[in-house]
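Working notes for the structure below.
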Amino acid sequence: IRDYIDNWNTDAKPFTWTATADEILAKVRLVQTNIKKLVDNKAK
């Protein structure tokens, strides 16, 4: 793991976000809703 980190950091590039914070949070809420539905259905 240390070798990987050392090699990665020698030529690291910043991560470029392609979605806005609002878009990301909307997807998180959608996933949370779908997980809740799955859990509720499994409990029945």
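The values are calculated or read from the model by the stated rules, or taken from the named source; none is laboratory data. Source: prediction; values computed, not measured. Surface areas here come from the heavy atoms of the whole protein model, side chains and all, with no ligands, DNA or RNA. Shrake-Rupley method; radii C 1.70, N 1.55, O 1.52, S 1.80 Å.
Tabulated results
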quantity: Unique match (being open to solvent by 100 Å² or more (accessible area, probe 1.4 Å) and not in a helix (DSSP H, G or I)) among Lys13, Lys42, Lys37; calculated: Lys13
quantity: Some residue of the stretch 20-29 being part of a loop (DSSP other than H, G, I, E, B) and either modelled with pLDDT of 90 or more or on the phi < 0 side of the Ramachandran plot (or both); calculated: yes
